[in-house]
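Asks: Have a look at the structure that comes next, please.
The values are calculated or read from the model by the stated rules, or taken from the named source; none is laboratory data. On a predicted model such as this, the values are computed, not experimentally measured, just so you know. Virtual Cβ from ideal backbone geometry, glycine too; neighbours counted across all protein chains shown.
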Amino acid sequence: MTLSQMSSALLLLLGGMASAQKETDIVVRDKTVVQRCALAGASSRMVAVGVPGGFNYAFDGQRCAPVEAWFGGFLDFNGETNGRGGNGCKPLGARRSLGIDTVPFRLRDPDALPNSVRFHGYRRNAQTGEPTFLFEVDGLQVEQQVRSSGPDCVTMELVFPGSEPIEKFYRINPSEHVLVELGEGIRWSGPGILQIAGSVQKAQVKVQLKAGNKAFVREVVEFSGAELYRNFCSACHSADGTKLIGPTFKGLWGREEAVTRNGKPESLTVDDAYVRQSILEPQAAIVQGYEQVPMASFSGVLTKDQVERLMAYLKGLE
């Protein structure tokens with residue numbers, strides 16, 4: 001790795017880790033993002049979709065249906081990237097149910113669960129990235145898209161390509177919404193049961209979600225000193241004496257260091273004040289022999305408490 005590459009990698013790390021979890025955020029920009037994931041309290045076969053503008057939803061591949069939506073940020077992927085992973089993703093917004101039944105799509109009998117429900121994945125629009133979900137219910141091919149026309153509004157569209165006329169049903173709980181608007185060829189046939197006429201090739205249902213009763217508050221993860229070292233320091237500073245592009249942290253406290261301060265050589269004994277300054281103002285006193293890779297400042301990156309936890313951990317590396 002070249003000096004330029006190392007400096008770029010460090011700056012990228014710093015830019016992404018400005019707060020406890022931001023380094024693992026999946027950000028939606030000018031194209032729809034599709035991410036297979038597990039969400040807490042939901043199926044492990046979830047596909048999360050983030051649309052430019054802040055509309056996000058989750059499609060359950062097991063139930064073959066969109067099950068919840070949220071507005072704001074998309075996903076924090078921290079649970080899948082830190083440690084051994086496998087802890088799922090966290091939506092960056094208040095999750096709201098779409099009121100969909102366990103297996104919402106039925107044929108012929110709205111009260112009978114399908115004999116077969118098969119998820120066939122999705123195809124994406126090459127320009128926008130928007131997914132069309134593909135699945136099969138008792139042999140009937142179904143395509144589904146989900147969109148939002150405004151705050152709290154979600155439109156679900158079902159397409160039945162080339163199907164023979166057959167009576168279809170979709171189960172949704174209207175009490176979870178302010179309003180449920182039905183497209184042409186759809187009517188209520190009972191509490192929570194939408195009947196789709198056999199001749200309909202495209203069925204559209206619009207719902208207006210109830211206002212969330214709780215504001216979204218991002219969970220703050222308190223990294224331990226060891227985790228802070230691993231995330232912020234281990235790429236450049238070893239804990240076991242191995243020489244990297246920065247001085248090792250092994251036996252750091254009480255060590256005599258030859259440094260350059262204000263362009264002049266100086267000798268000092270490493271203590272709390274020096275380590276704290278090295279974290280927040282790393283160019284103030286540079287260890288001689290390590291001038292080629294200037295360390296970026298962690299001031300504004302780590303909180304005061306994080307600096308103290310990191311120092312406590314480093315002090316124990318004898």
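Asks: Could you go through the stretch 258-281 and let me know if any residue there is within 35 Å of the chain's Cα centre (by Cα), in a loop (DSSP other than H, G, I, E, B), outside the structural domain of PRO91 (by TED's automatic domain parsing) and of a type outside the set (Phe, Trp, Tyr).
Replies: Among the residues of the stretch 258-281, at least one is within 35 Å of the chain's Cα centre (by Cα), in a loop (DSSP other than H, G, I, E, B), outside the structural domain of PRO91 (by TED's automatic domain parsing) and of a type outside the set (Phe, Trp, Tyr), which makes the answer yes.
Asks: Considering ARG106, ARG118, ARG147, which residue is in the same structural domain as ALA197 (by TED's automatic domain parsing), under 27 Å from PRO174 (Cβ atoms), touching a strand residue (DSSP E or B) at 6+ places or on another chain (Cβ under 8 Å) and surrounded by fewer than 18 Cβ atoms within 10 Å (Cβ to Cβ)?
Replies: The conditions single out ARG147.
Asks: Just checking, does the stretch 217-233 include any residue being surrounded by fewer than 12 Cβ atoms within 10 Å (Cβ to Cβ) and closer than 20 Å to VAL103 by Cα?
Replies: no
Asks: Out of GLU157, GLU181, GLU164, I need the residue that is modelled with pLDDT of 95 or more and farther than 16 Å from PRO104 by Cα. Which one?
Replies: Criteria check complete, one pass: GLU181.
Asks: Between LEU317, LEU310, which is closer than 20 Å to SER238 by Cβ, outside any loop (DSSP other than H, G, I, E, B), under 38 Å from the mean Cα position of the chain (by Cα) and in contact (Cβ under 8 Å) with a residue 40 or more places away in the chain? Talk me through it step by step, then tell me what you get.
Replies: Numbers: LEU317 fails: outside any loop (DSSP other than H, G, I, E, B).
Selected residue: LEU310, the only one of LEU317, LEU310 that is closer than 20 Å to SER238 by Cβ, outside any loop (DSSP other than H, G, I, E, B), under 38 Å from the mean Cα position of the chain (by Cα) and in contact (Cβ under 8 Å) with a residue 40 or more places away in the chain.
Asks: Taking the stretch 282-307 on its own, how many of its residues are in a helix (DSSP H, G or I) and among the aliphatic types (A, V, I, L, M)?
Replies: So the first thing to find is which residues in the stretch 282-307 are in a helix (DSSP H, G or I), and the list is 304-307.
Checking the rest, the ones that are also among the aliphatic types (A, V, I, L, M) come to 307.
The number of residues fulfilling the criteria is 1.
Asks: Could you say whether any residue in the stretch 201-220 is closer than 30 Å to ARG108 by Cα, under 36 Å from the mean Cα position of the chain (by Cα), not charged (D, E, K, R) and not in a strand (DSSP E or B)?
Replies: There is at least one residue in the stretch 201-220 that is closer than 30 Å to ARG108 by Cα, under 36 Å from the mean Cα position of the chain (by Cα), not charged (D, E, K, R) and not in a strand (DSSP E or B).
Asks: Just for the stretch 261-275: of the residues that are among the aliphatic types (A, V, I, L, M) and surrounded by 10 or more Cβ atoms within 10 Å (Cβ to Cβ), which one is farthest from PHE249 (Cα to Cα)?
Replies: LEU268
Asks: Quick one: count up the residues across the stretch 41-53 that are within 12 Å of the chain's Cα centre (by Cα) and touching a residue at least 40 places away in the same chain (Cβ under 8 Å).
Replies: 3
Asks: Now for a different question. Within the bounds of the stretch 93-108, is there any residue that is hydrophobic (A, V, I, L, M, F, W, C), in contact (Cβ under 8 Å) with a residue 12 or more places away in the chain and over 24 Å from VAL207 (Cα atoms)?
Replies: Looking for residues that are hydrophobic (A, V, I, L, M, F, W, C), in contact (Cβ under 8 Å) with a residue 12 or more places away in the chain and over 24 Å from VAL207 (Cα atoms), one finds none in the stretch 93-108, hence no.
Asks: From the list PRO131, PRO161, which residue is of a type outside the set (S, T, N, Q), in the same structural domain as ALA65 (by TED's automatic domain parsing) and either crowded, with 17+ Cβ neighbours inside 10 Å or farther than 22 Å from GLY198 by Cβ (or both)? Spell out how you get there, then give the answer.
Replies: Details: PRO161 fails: either crowded, with 17+ Cβ neighbours inside 10 Å or farther than 22 Å from GLY198 by Cβ (or both).
Only one candidate passes the filter, namely PRO131.
Asks: Taking the residues in the stretch 176-194 that are in contact with a Leu (Cβ under 9 Å, 6 or more places away or on another chain) and assigned to a strand (DSSP E or B) as candidates, determine which candidate is surrounded by the most Cβ atoms within 10 Å (Cβ to Cβ).
Replies: Here the residue is LEU194.
Asks: Out of ALA211, ALA197, ALA258, ALA239, report the one residue that is surrounded by fewer than 17 Cβ atoms within 10 Å (Cβ to Cβ), closer than 30 Å to GLN288 by Cβ and not charged (D, E, K, R). Before the answer, list the steps.
Replies: Details: ALA211 fails: closer than 30 Å to GLN288 by Cβ; ALA197 fails: closer than 30 Å to GLN288 by Cβ; ALA239 fails: surrounded by fewer than 17 Cβ atoms within 10 Å (Cβ to Cβ).
Only one candidate qualifies: ALA258.
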